[in-house]
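Worksheet for the structure shown next.
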Amino acid sequence: MCSRSDQAARVWSLGISALEIGAAYLRTGHLQYEGQRHLSALTARTGQTSHLAVLQGTDVLYLDKREPQGSGTRLVTDVGTRLPAHLTAVGRSILAFLDHGELRARFADYSWPRRTDVRVDSFEQLTSLLADVRTAGYAVEVGSTTSGIECVAAPVRTGDGSAVAAIGVATVAGTQNLSLDQLAAEVRAVALEFSAELGHGQAAE
């Protein structure tokens, strides 16, 4: 039987969680709404599960998801899931466009958690990966969140060049009809379309 203090603590915890969820929706609800058709288009073009995520601290929060018809594979990227951003393609796509000082501040005294044997465990390793993301325009993650799962993602950017979200696909290794390069091209194309709607690339040169 719970004591009154235990019961109060549980009520308080639920209240805080509800506030966090509400605040997150207020910040990102428009992105989820505007991203729906882009996710549907990406899944139709690739035949793979697509998802939209935003950065929260050192984690990514998955806002929305589309699965192809007949998909029997359950992925960890359910709506509302939080994962360490440094391990995910969506996370790296957003982190790559943060100011270096902000990036360092976010990962100061970070514990570098891992989910599989594939790891990223230093700031130097992360910044090297992010440099590749900026050059390529997309991120690839193979097996660092779930063994046997490959992810490709690209940033969703606004008029000031910042990455407010990322859109990507997750596949079971060896089962996709498209190569990772082909998936990357499709993901990047959809992300660029989404970004253009948010004003990216429309500023005068």
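Taken along the Cα-to-beta-carbon direction at a fixed 7 Å, the label points for residue 134 and residue 162 span 1.7 nm. Across the alpha-carbon set of the stretch 31-107, the Rg to Rh ratio works out to 1.02, Rh being the Kirkwood radius. The distance between label points at residue 81 and residue 104 comes to 3.4 nm (points 7 Å beyond Cα on the Cα→Cβ vector).
Go ahead and run the numbers for FRET between residue 123 and residue 177, Cβ-Cβ distance against an R0 of 25 Å, rounding to 0.05. According to the calculation, E is roughly 0.10. Give me Rg/Rg_expected for the stretch 101-205, where Rg uses Cα atoms only and Rg_expected = 2.2 N^0.38 Å with N residues. Dividing the Cα radius of gyration by 2.2 N^0.38 Å gives 1.18.
FRET efficiency for residue 44 and residue 115, Cβ-Cβ distance as r, R0 = 30 Å, nearest 0.05?
Result of the calculation: an efficiency of 0.55.
Derived scalar couplings between HN and Hα for the stretch 54-66 equal 10, 8, 9, x, 9, 10, 10, 10, 7, 8, 7, 7, 10 Hz in order, rounded to whole Hz, by the Karplus curve 6.51 cos²θ - 1.76 cosθ + 1.60 (θ = phi - 60°), x for Gly and Pro. Here the Karplus relation 6.51 cos²θ - 1.76 cosθ + 1.60, evaluated at θ = phi - 60°, turns the backbone of the stretch 150-163 into coupling constants of 10, 10, 10, 9, 9, x, 9, 10, 9, x, 8, x, 6, 9 Hz, with x for every Gly and Pro. 3J(HN,Hα) along the stretch 126-134, derived from phi through the Karplus expression 6.51 cos²θ - 1.76 cosθ + 1.60 where θ = phi - 60°, amounts to 4, 5, 5, 5, 5, 4, 5, 5, 4 Hz, with x in place of Gly and Pro.
Quick note: the coordinates plus some simple rules give every number you see, no bench work behind them. Since this is a predicted model, take the numbers as computed values, not measurements. Reconstructed Cβ throughout: ideal geometry from the backbone, glycine too, with neighbour counts over all protein chains shown.
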